[in-house]
Amino acid sequence: MTQLPLRAQLASALGRTAATLSRATGRGDGSVIGGRIGLALEPDLLSKLARDRRLALVSATNGKTTTTRLITSALQELGDVATNAFGANMPAGHVSALASAKDAPYGVLEVDEKYLPAVIDATGAGVIALMNLSRDQMDRAGEIWLLAQKWRRALAGKNTHVIANADDPLVAWGASTAARVTWVAAGQPWKEDSWCCPECGGPLDRKGVDYTPPGGHVAGAAPLAMVPRPVEDDWACRECSFRRPQPSWFLDDDAVIDPRGQRWVLDLQLPGRANRANAAIALATAEAFGLPVQAALPRLREVRSVAGRYTTVERDGRRARLLLAKNPAGWLEAFDVLDRSLPVILSVNAQGPDGRDTSWLWDVDYRVLRGRPVFVTGERMLDLALRLDVANVPFQLVASFEQALAAQPPGKVDVIANYTAFQQIRAEFDRAV
Ligand SMILES: [Zn+2]
């Protein structure tokens with residue numbers, strides 16, 4: 001790797017020192033403060049640190065931390081990988097991630113949706129993975145259509161290989177100005193933000209069609225069933241030519257079908273449909289780096305939990321599995337992971353990182369929770385309680401997560417919490433099992 005210019009070296013070193021001090025004084029993992037100091041001293045630091053590496057950027061409303069981890073795990077098959085493992089997904093976090101692995105030839109950076117255009121410009125990343133866009137933090141975030149439009153502008157004219165979810169119309173629109181796109185049929189259970197065409201505003205028709213994957217039989221591959229099968233996520237505008245791009249990768253239940261038509265069973269440790277979709281994107285991204293599926297897939301299977309998501313905390317014989325859900329699409333994916341035989345604790349806060357406006361609670365269909373014990377806590381437990389009452393979901397209000405856990409019989413319980421509620425539980429119950 002070529003040497004950084006002196007000023008950038010100094011900025012990078014001071015940033016690292018600040019990060020170390022920040023950790024030593026208990027002010028977090030230090031990844032943001034170190035990067036901020038580095039950027040203040042050398043505004044081009046991110047560009048300089050990105051130079052001479054092969055980078056992937058990962059952005060979406062949901063799943064970007066997990067997908068970043070999956071891609072990182074896969075690319076470690078090729079060499080050292082710099083990554084922002086703590087979810088510090090703005091430029092200061094990227095500077096810190098790259099500065100702390102100066103010699104890594106690869107980098108995988110989770111990028112906040114709003115910062116993606118700036119980070120594309122600064123890093124010149126060769127590969128960009130885009131999964132989904134949906135309503136999130138309603139009092140802070142801009143309109144997601146505007147976000148997709150900014151992606152389009154940022155990608156136009158760049159020599160970038162985008163890996164994008166063809167089943168999310170807004171992502172398809174946002175990615176389609178890129179010079180090269182590999183489309184992945186990764187699914188889109190949450191459709192409430194994509195009934196209108198992002199190109200012309202007309203209605204999107206969303207219907208199942210008969211579809212046979214491309215490719216055909218490849219030597220050594222399991223033969224494909226060539227019978228047409230329904231694909232629920234096909235979509236097309238009724239009024240203009242914008243329609244679902246032709247995918248070359250498919251998530252097919254518990255497996256991924258690659259562009260040669262070969263079917264790979266995922267068998268992940270991470271639970272749920274959303275993580276299988278993340279894995280499909282990760283496999284396509286790994287292949288963009290020249291890493292074949294057979295080499296990447298075992299690496300994806302090694303990932304057990306990501307920043308505390310899906311880990312279990314234990315107290316007095318109660319084992320609580322933690323699921324993070326920050327917005328309506330995320331809650332839908334969390335419901336998919338729940339064990340139907342278990343009680344569930346729901347905790348909703350409304351601090352800065354959560355967004356103060358929790359009116360999105362009304363967008364979630366909670367009826368799936370009927371028939372199991374439901375416990376409600378968190379700062380906005382009354383808002384959530386009212387919503388559950390309207391949906392005819394019986395529940396119990398509890399003053400704290402600790403009390404909710406104590407109210408369970410010994411054994412397993414599932415927990416869905418939004419951002420700060422999730423972090424509070426992790427901080428209090430740090431004894432993971
Ligand atoms: Zn249209």
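Consider only pairs whose beta carbons are under 6 Å apart and that are at least six residues apart or on different chains; among these, list those whose first residue lies in region 178-203 and is more than 14 Å from ASN132 (Cβ to Cβ) and whose second residue is within 8 Å of the ligand (Cβ to nearest atom) and open to solvent by 60 Å² or more (accessible area, probe 1.4 Å).
Close Cβ pairs satisfying both conditions: CYS200/GLU239; GLY202/ARG238; GLY202/GLU239; PRO203/ARG238.
Which count do you get for residues in region 58-69 that are open to solvent by less than 10 Å² (accessible area, probe 1.4 Å) and touching a strand residue (DSSP E or B) at 6+ places or on another chain (Cβ under 7 Å)? Talk me through it step by step, then tell me what you get.
Going through region 58-69, the residues open to solvent by less than 10 Å² (accessible area, probe 1.4 Å) turn out to be 58-61, 66-68.
Okay, now just the ones that are also touching a strand residue (DSSP E or B) at 6+ places or on another chain (Cβ under 7 Å), so 58-60, 66-68.
Within region 58-69, residues that are open to solvent by less than 10 Å² (accessible area, probe 1.4 Å) and touching a strand residue (DSSP E or B) at 6+ places or on another chain (Cβ under 7 Å) number 6.
SER134 is checked against (1) open to solvent by 10 Å² or more (accessible area, probe 1.4 Å); (2) closer than 17 Å to LYS326 by Cα; (3) in contact (Cβ under 8 Å) with a residue 60 or more places away in the chain and fails just one. What number does that condition carry?
Of the numbered conditions (1) open to solvent by 10 Å² or more (accessible area, probe 1.4 Å); (2) closer than 17 Å to LYS326 by Cα; (3) in contact (Cβ under 8 Å) with a residue 60 or more places away in the chain, the odd one out for SER134 is (1).
Just checking, which of VAL364, VAL413 is in contact with a Pro (Cβ under 6 Å, 6 or more places away or on another chain), open to solvent by less than 40 Å² (accessible area, probe 1.4 Å) and at pLDDT below 95?
Details: VAL413 fails: at pLDDT below 95.
Result: VAL364 is the single residue among VAL364, VAL413 that is in contact with a Pro (Cβ under 6 Å, 6 or more places away or on another chain), open to solvent by less than 40 Å² (accessible area, probe 1.4 Å) and at pLDDT below 95.
Condition test on LEU98, is it within 25 Å of ALA13 (Cβ to Cβ) and either in contact (Cβ under 8 Å) with a residue 40 or more places away in the chain or touching a Leu at 6+ places or on another chain (Cβ under 7 Å) (or both)?
Numbers: within 25 Å of ALA13 (Cβ to Cβ): yes; either in contact (Cβ under 8 Å) with a residue 40 or more places away in the chain or touching a Leu at 6+ places or on another chain (Cβ under 7 Å) (or both): yes.
Against the criterion (within 25 Å of ALA13 (Cβ to Cβ) and either in contact (Cβ under 8 Å) with a residue 40 or more places away in the chain or touching a Leu at 6+ places or on another chain (Cβ under 7 Å) (or both)), LEU98 qualifies.
For the structure I just gave you, tell me whether ALA286 is small (Gly, Ala, Ser), in contact with a helix residue (DSSP H, G or I) (Cβ under 6 Å, 6 or more places away or on another chain), open to solvent by less than 30 Å² (accessible area, probe 1.4 Å) and touching a residue at least 40 places away in the same chain (Cβ under 8 Å). Let's see the steps before the verdict.
Numbers: small (Gly, Ala, Ser): yes; in contact with a helix residue (DSSP H, G or I) (Cβ under 6 Å, 6 or more places away or on another chain): yes; open to solvent by less than 30 Å² (accessible area, probe 1.4 Å): yes; touching a residue at least 40 places away in the same chain (Cβ under 8 Å): yes.
Yes, satisfied.
Can you tell me which residue within region 31-57, out of those that are of a type in the set (Lys, Arg) and within 30 Å of ALA288 (Cα to Cα), is most open to solvent (accessible area, probe 1.4 Å)?
In the first step, residues of region 31-57 are kept if they are of a type in the set (Lys, Arg); the result is 36, 48, 51, 53-54.
Of the ones still in play, those that are also within 30 Å of ALA288 (Cα to Cα) are 48, 51, 53-54.
Working: LYS48: 39, ARG51: 126, ARG53: 29, ARG54: 108 Å².
The extreme case among them is ARG51.
What number of residues within region 178-203 are among the hydrophobic types (A, V, I, L, M, F, W, C), open to solvent by 10 Å² or more (accessible area, probe 1.4 Å) and either outside any strand (DSSP E or B) or near the ligand (Cβ under 8 Å from one of its atoms) (or both)?
First, the residues of region 178-203 that are among the hydrophobic types (A, V, I, L, M, F, W, C): 178-179, 181, 183-186, 190, 195-197, 200.
Pick out the ones that are also open to solvent by 10 Å² or more (accessible area, probe 1.4 Å) and you get 178-179, 181, 183, 190, 195-196, 200.
With the extra rule that they be either outside any strand (DSSP E or B) or near the ligand (Cβ under 8 Å from one of its atoms) (or both), the set shrinks to 178-179, 190, 195, 200.
Of the residues in that region, 5 qualify.
Considering only region 287-367, give the strands (runs of 3 or more DSSP E) lying wholly within it that have at least 2 residues that are under 16 Å from the mean Cα position of the chain (by Cα). Please lay out each step first, then the result.
On the way: elements: 312-315, 318-324, 344-347.
Once the strands (runs of 3 or more DSSP E) in region 287-367 are filtered for at least 2 residues that are under 16 Å from the mean Cα position of the chain (by Cα), what remains is 318-324.
Is it true that some residue in region 240-261 is more than 16 Å from the ligand (Cβ to nearest atom), open to solvent by less than 30 Å² (accessible area, probe 1.4 Å) and over 25 Å from SER59 (Cβ atoms)? Spell out the reasoning first.
Filtering region 240-261 for residues more than 16 Å from the ligand (Cβ to nearest atom) gives 246-261.
Those still in the list that are open to solvent by less than 30 Å² (accessible area, probe 1.4 Å) too: 247, 249-250, 255-258, 261.
Those left that are additionally over 25 Å from SER59 (Cβ atoms): 255, 261.
So far as region 240-261 goes, yes, one or more of its residues are more than 16 Å from the ligand (Cβ to nearest atom), open to solvent by less than 30 Å² (accessible area, probe 1.4 Å) and over 25 Å from SER59 (Cβ atoms).
Filter region 73-93 down to the residues that are out of contact with any helix residue (DSSP H, G or I) (no Cβ under 6 Å at 6 or more places or on another chain) and open to solvent by 10 Å² or more (accessible area, probe 1.4 Å) and list them by number.
Listed by number, the residues that qualify are GLN76, LEU78, GLY79, ASP80, ALA85, ASN89.
What do you reckon, is GLY126 on the phi > 0 side of the Ramachandran plot and either away from the ligand (no atom under 16 Å from the Cβ) or over 19 Å from the mean Cα position of the chain (by Cα) (or both)? Outline the logic, then answer.
Working: on the phi > 0 side of the Ramachandran plot: no; either away from the ligand (no atom under 16 Å from the Cβ) or over 19 Å from the mean Cα position of the chain (by Cα) (or both): yes.
Judged against the criteria, GLY126 is not a match.
With respect to GLY142, determine if the residue is open to solvent by 10 Å² or more (accessible area, probe 1.4 Å), of a type outside the set (A, V, I, L, M) and modelled with pLDDT under 95.
Values: open to solvent by 10 Å² or more (accessible area, probe 1.4 Å): yes; of a type outside the set (A, V, I, L, M): yes; modelled with pLDDT under 95: yes.
The answer is yes for GLY142.
For ARG372, are the conditions met, namely being in a loop (DSSP other than H, G, I, E, B), among the basic types (Lys, Arg) and either open to solvent by less than 40 Å² (accessible area, probe 1.4 Å) or touching a Gly at 6+ places or on another chain (Cβ under 8 Å) (or both)? Spell out how you get there, then give the answer.
Details: in a loop (DSSP other than H, G, I, E, B): yes; among the basic types (Lys, Arg): yes; either open to solvent by less than 40 Å² (accessible area, probe 1.4 Å) or touching a Gly at 6+ places or on another chain (Cβ under 8 Å) (or both): yes.
Yes: the conditions hold for ARG372.
Given (1) in contact with a strand residue (DSSP E or B) (Cβ under 7 Å, 6 or more places away or on another chain); (2) closer than 26 Å to TRP249 by Cβ; (3) open to solvent by less than 50 Å² (accessible area, probe 1.4 Å), identify the lone condition not met by THR312.
Status for THR312: all satisfied but (2).
Considering every residue within region 145-158, establish whether at least one is more than 16 Å from the ligand (Cβ to nearest atom), crowded, with 22+ Cβ neighbours inside 10 Å and modelled with pLDDT of 90 or more.
Here is the first cut: in region 145-158, the ones more than 16 Å from the ligand (Cβ to nearest atom) are 146-147, 150-151, 153-158.
Filter again for crowded, with 22+ Cβ neighbours inside 10 Å, leaving 151, 155.
Keeping just the survivors that are modelled with pLDDT of 90 or more gives 151, 155.
Scanning region 145-158, I find at least one residue that is more than 16 Å from the ligand (Cβ to nearest atom), crowded, with 22+ Cβ neighbours inside 10 Å and modelled with pLDDT of 90 or more, so the answer is yes.
The values are calculated or read from the model by the stated rules, or taken from the named source; none is laboratory data. From a predicted model like this one, the values you see are computed outputs, not experimental measurements. Every residue, glycine as well, gets a Cβ built from its backbone with ideal geometry; the counts of neighbours run over all protein chains shown. Only protein heavy atoms, including side chains, enter the accessible area calculation; ligands, DNA and RNA are left aside. Shrake-Rupley method; radii C 1.70, N 1.55, O 1.52, S 1.80 Å.
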